[in-house]
Structure formats: C-alpha cells, structure tokens
Amino acid sequence: MQDLTHYLNGAHVKGTSGRFADVYNPATGEVQAKVPLASADELAQAVAYAEAAQPAWAATNPQRRARVLMKFVDLLNRDMDKLAEALSREHGKTLPDAAGDVQRGLEVVEYCIGAPQMLKGDFTDSAGPGIDMYSMRQALGVTAGITPFNFPAMIPMWMFAPALACGNAFILKPSERDPSVPLMLAELMEEAGLPKGVLQVINGDKEAVDAILDHEVIQSIGFVGSTPIAEYIYGRGCSNGKRVQCFGGAKNHMIIMPDADMDQAADALIGAGYGAAGERCMAISVAVPVGDETADRLIEKLVPRVEALKVGPYTSGNDVDYGPVVTAAAKQNILGLVQSGVDQGATLVVDGRDFNLQGYEDGFFVGPHLFDNVTPDMDIYTKEIFGPVLSTVRAQSYEEAVGLAMDHEYGNGTAIFTRDGDAARDFANRINVGMVGINVPIPVPLAYHTFGGWKKSVFGDLNQHGPDAFKFYTRTKTVTARWPSGIKEGGEFSIPVME
Ligand code: NAD
C-alpha cells in the first residue's frame with residue numbers, strides 16, 4: 001500500500017488533515033494507495049508558497065519560461081511508458097490509450113512553447129499628438145485548476161501549461177481517484193527547471209475545492225468534471241470575484257445518414273462509443289440513424305463488432321479494447337441505468353450485464369451494451385452514463401435527427417456520417433454544439449484550436465487551449481502615454497476624443 005502525498009513548494013508533503021481516500025486498481029478491485037485529502041489550512045499553505053514564488057516567475061522573460069516547457073516535453077517523452085503505466089494502474093484504461101492521454105497533453109505543452117508570440121500585446125504609435133497607446137497581457141498571479149479522473153494527464157497539462165507560460169503560479173487539485181500521474185507531472189516540471197512553488201499539487205475532495213473557491217489570493221479557477229459540480233464551482237467562484245471556466249458533462253450524438261458508408265460508421269461508433277469504457281466527455285453515446293432501413297443496416301453491422309469487443313486489464317497490453325471503469329460505484333451506476341433502459345422499454349440488443357472476467361472477478365469491468373429503440377424520454381437518453389453503453393435513437397428524417405441533438409441539454413461534441421456535402425455543411429452550420437465531426441466520430445480539436453462545448457457542457461466564455469488559453473490566463477492592461485510638455489497646459493474637463 002502506497003501513501004501518496006501533496007506536492008508543495010518542491011517537495012512531497014504528507015497530509016495533515018487526518019482524512020484520506022482509497023485509490024483503487026480498477027482491474028483487480030484492490031486498494032493500492034491512500035491519498036491525503038487536504039484541509040483549508042493545507043490549501044492556504046500552498047497559496048502562500050505560490051504567492052511567494054510567482055512574481056519572480058512572471059518577471060522571467062517569456063522565452064526562458066518557454067524553455068522550461070521545452071525541456072518538460074523531452075522529459076515527458078523520456079518517461080512516457082512509466083507515466084502510461086501509472087495512469088493505467090489507477091484509471092484502468094489500456095496502455096496505448098494512457099499514452100494517448102499523455103500525448104494529447106504534451107501537444108498543448110508544445111503549443112505553449114509559442115507563448116512569447118501570444119503574449120506580445122498591441123501598440124499604436126501616435127494615437128494622438130505625441131500619444132502612444134499600448135496593451136500588455138499580464139499574468140493573473142496565483143491560479144488554480146480542478147480536474148476529473150478520466151484524463152489525469154491531459155487535462156492538468158491543458159491547464160497548467162498555458163497558466164505557467166503566461167507567468168502565473170498554478171495549484172492543481174486533481175481527481176482523488178487517480179492522483180499519481182499529476183504528482184509525477186509536477187516533479188517533471190521541476191526537473192525541467194521550474195522554480196519551487198510555481199506548480200503545486202494539492203490532493204483532496206470538496207473541502208479542498210471549497211477552500212480554493214473561497215481563497216481571496218487565487219485569481220482564476222479552471223474546472224473540468226460533471227455538470228452539477230461545474231455549475232456549483234462557476235457560481236461560487238464567480239461570486240467570489242474570480243475568473244472561472246468550467247467544462248461539464250456530455251451526451252454526444254452521431255447522425256448516420258442513409259448514404260453513409262455503413263462499415264465506416266459502425267467502426268467509428270465502436271471506437272467512439274466503447275473506447276476507454278465510454279469514460280470520455282467526447283465519447284459518442286447516442287447513435288441516430290436516419291430512417292428504419294439505415295437503422296436496421298447499422299444495428300446489423302454493430303452487433304458482431306460489439307460482441308467481439310475485448311475487455312480486460314491494461315496488463316494485457318495491446319490485446320484489449322477497453323478496461324474496467326474507475327470505481328465500483330461507477331459500475332453500479334452504469335448497470336443501474338442499463339436496467340432503467342430495459343424497464344422503460346428500450347431493446348437491449350447486446351446485453352453485457354453478466355460480463356465476468358476470469359481471474360478479475362473483483363475488478364470493475366462492465367461488458368459492452370447496445371440499445372435500440374431508445375426514446376428521448378428515457379433515462380438512458382437524458383443522463384450521461386459514462387460507461388460502455390451505446391443507445392440508438394431512430395429518427396425518421398434528417399430534421400428529426402438534428403432536432404434531437406439540438407434539444408439535448410448537453411452540447412459538447414457531435415458527428416454526422418454522410419457522403420452528402422450539402423447535409424454535412426448544413427449540419428455544421430446549424431447545430432448548437434461546440435465541436436463537430438464530419439465523418440470523424442471524436443472531433444477533439446488539436447492544441448492550436450480551442451476545446452469547449454455549448455449549453456450545459458460549459459460555464460464561462462473562453463475555451464481550453466489554443467489562443468483562448470492565453471486570454472484566460474492573462475489580463476489586459478492598456479497604457480496611454482504622452483511625453484511632450486502638454487501637461488503644463490492645465491487640466492482638461494471633458495472626456496478626450498480623437499479628432
Ligand atoms: P466530478 O465532477 O465527480 O469530479 C471532478 C472534480 O471535482 C474532481 O477533482 C473532484 O474531486 C471534484 N469534486 C467532486 N465532487 C465535488 C463537490 N461536491 N464539490 C466540489 N468539488 C467536487 O467528475 P469526474 O467523475 O471526475 O469526471 C467525469 C465527468 O467529467 C463527466 O461528467 C465528464 O463528461 C466530465 N468531463 C468533461 C470534459 C469536458 O471537457 N467537457 C472533459 C473530461 C471530463
């Protein structure tokens with residue numbers, strides 16, 4: 001049994017609150033570590049370290065700050081296998097998928113190496129007689145981020161890379177389900193040359209989060225997780241005067257038009273619906289074939305593929321399609337929703353309820369499920385299941401299919417599979433969802449674009465990574481400067497305007 005720590009001011013520090021949470025190996029169901037849950041006092045200590053370290057970091061020129069990130073990228077590549085193994089052991093996802101989790105974070109770090117270009121500011125020469133005007137982007141100070149269990153490497157990096165590149169200190173409160181990789185990332189940043197106290201990890205639960213929300217020194221909060229918590233953090237953080245961006249849950253629809261290549265659509269749905277056991281905010285959880293004939297053809301293609309899915313522990317390497325879900329409670333929640341789908345009249349075409357893996361009977365494995373004839377009033381349609389369960393809702397027309405995605409409360413991602421450019425273009429223009437795929441099932445934007453949903457999938461107005469991150473982690477100061485002797489001419493009492 002491992003005793004995990006916080007990472008404060010460049011050192012592993014034991015928890016002092018006396019409260020701990022169990023960290024499981026989801027494949028075996030065993031508790032493999034204890035993680036300390038921080039008190040408000042421990043958070044305040046982290047803030048004090050951050051506040052002391054941040055001014056010198058902000059005063060370091062942006063190119064030198066970027067060099068730390070450059071070195072960090074080297075170290076991530078050096079330790080890729082070690083990071084992926086630690087990630088799989090706590091999260092349960094397969095090793096290739098865990099390496100992908102690190103890689104998609106690394107790509108945002110690479111993008112942030114270009115921070116000096118993004119932080120240049122604007123200058124207007126001679127905005128008036130003898131007057132220059134310039135805008136600077138300055139660091140906020142001490143910033144914080146609260147992250148979910150499902151991407152324990154990628155999402156922390158999406159937050160701390162731009163925050164640090166802009167000259168802020170950053171306090172990370174990762175998920176208490178899989179905190180080891182975030183701790184390893186903080187160590188690697190220090191090995192890359194980051195001064196102590198600039199990036200810290202405070203482990204904890206609601207108590208630590210509330211302390212972050214209420215601490216007056218913390219200037220901004222980034223959050224990724226479920227929608228009810230996102231809404232809570234946004235409300236409390238904003239009312240405390242902080243800059244807050246919160247990314248919430250999802251229910252991503254994929255529309256399959258009658259002219260789509262059905263093999264391609266079925267393959268896409270298998271990866272997007274069941275990859276990472278469905279524990280992705282960009283997973284496709286609803287398939288919407290247009291017309292009964294399309295639906296019949298799709299189901300016929302899906303069934304053998306779903307039945308052939310290989311579910312197992314990450315230790316089986318590349319021979320597994322997806323692993324266990326994160327906790328026993330998550331498994332119970334998923335199976336409860338599957339039961340509700342059956343009770344409410346959906347057709348369970350592939351039933352994974354009796355799934356059992358020999359030798360791993362105590363692991364949190366959930367077999368793959370496929371539903372047909374799901375209707376919008378059912379719980380399996382309205383709620384985020386976050387498990388290996390794909391629901392098929394049959395639409396009779398393209399308009400009905402689009403209307404389903406438009407009317408759902410979540411708006412993170414969506415996709416359309418078709419050979420018709422006109423339908424694809426119309427869909428991309430009209431849909432009220434933040435990230436859209438055309439014959440691409442999981443349209444996660446690359447690092448230099450921005451990531452974010454619409455509707456109840458987001459609270460706040462700037463997206464993650466891409467140019468928005470530099471706006472979120474800086475504030476603008478605009479200076480108007482006049483150097484001639486005009487100030488000797490006496491005061492001006494009406495508002496100055498440019499003629
Ligand atoms: P979660 O909301 O349970 O937890 C997220 C974070 O909030 C964790 O650090 C947790 O410790 C903290 N937290 C939990 N309960 C809290 C409370 N009552 N008060 C204050 N803080 C609390 O989410 P999760 O289960 O870790 O992650 C899965 C969810 O995240 C899914 O809903 C998924 O769609 C969403 N997600 C969204 C995105 C996105 O970009 N939109 C990306 C990844 C995951």
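The values are calculated or read from the model by the stated rules, or taken from the named source; none is laboratory data. Remember, it's a predicted structure, so these values are computed and weren't measured experimentally. Note that we place each Cβ from the backbone using ideal geometry, even for glycine, and neighbour counts take in every protein chain shown.
Overview of values
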quantity	calculated
Of all residues in the stretch 249-282 being part of a loop (DSSP other than H, G, I, E, B) and out of contact with any strand residue (DSSP E or B) (no Cβ under 8 Å at 6 or more places or on another chain), the one that is surrounded by the fewest Cβ atoms within 10 Å (Cβ to Cβ)	ASP259
Residues (more than 14 Å from the ligand (Cβ to nearest atom) and either in the same structural domain as ALA401 (by TED's automatic domain parsing) or of a type in the set (Phe, Trp, Tyr) (or both)) located in the stretch 442-464	TYR448
Check on ALA163, under 19 Å from GLU107 (Cβ atoms), more than 14 Å from the ligand (Cβ to nearest atom) and under 20 Å from the mean Cα position of the chain (by Cα)	yes
Residue within the stretch 249-267 that is of a type in the set (A, V, I, L, M), at pLDDT 95 or above, closer than 25 Å to ASP319 by Cα and more than 13 Å from the ligand (Cβ to nearest atom) present	yes
Residue in the stretch 283-314 that is surrounded by the most Cβ atoms within 10 Å (Cβ to Cβ), counting only those that are free of Cβ contacts under 8 Å to residues at least 24 places away in the same chain and farther than 22 Å from PHE364 by Cα	ASP296
Top-ranked residue in the stretch 212-248 [being under 14 Å from the mean Cα position of the chain (by Cα) and in a loop (DSSP other than H, G, I, E, B); ranked as farthest from the ligand (Cβ to nearest atom)]	GLY248
Test: residue in the stretch 457-473 that is within 26 Å of THR418 (Cβ to Cβ) and surrounded by 13 or more Cβ atoms within 10 Å (Cβ to Cβ)	yes
Selection within the stretch 434-462 - of a type in the set (A, V, I, L, M) and farther than 22 Å from VAL244 by Cβ	VAL436, ILE438, VAL440, ILE442, VAL444, LEU446, ALA447
GLU399 vs. criteria part of a loop (DSSP other than H, G, I, E, B), modelled with pLDDT of 95 or more and surrounded by fewer than 21 Cβ atoms within 10 Å (Cβ to Cβ)	no
From ALA405, ALA415, ALA447, ALA423, residue being aliphatic (A, V, I, L, M), part of a strand (DSSP E or B) and touching a residue at least 40 places away in the same chain (Cβ under 8 Å)	ALA415
Residue within the stretch 50-67 that is among the aromatic types (Phe, Trp, Tyr), under 30 Å from TYR322 (Cβ atoms) and assigned to a helix (DSSP H, G or I) present	no
Subset of the stretch 183-211 [outside any loop (DSSP other than H, G, I, E, B), near the ligand (Cβ under 10 Å from one of its atoms) and in contact (Cβ under 8 Å) with a residue 12 or more places away in the chain]	GLU207, ALA208, VAL209, ASP210
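So that you can scan it fast, the table gives a plain yes or no per residue for (1) at pLDDT below 95; (2) within 16 Å of the ligand (Cβ to nearest atom); (3) touching a strand residue (DSSP E or B) at 6+ places or on another chain (Cβ under 6 Å); (4) not hydrophobic (A, V, I, L, M, F, W, C):
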| site | (1), (2), (3), (4) |
| --- | --- |
| GLU361 | no, no, no, yes |
| PHE364 | no, yes, no, no |
| LEU370 | no, no, yes, no |
| VAL393 | no, no, yes, no |
| MET406 | no, no, no, no |
| THR418 | no, no, no, yes |
| ALA424 | no, no, yes, no |
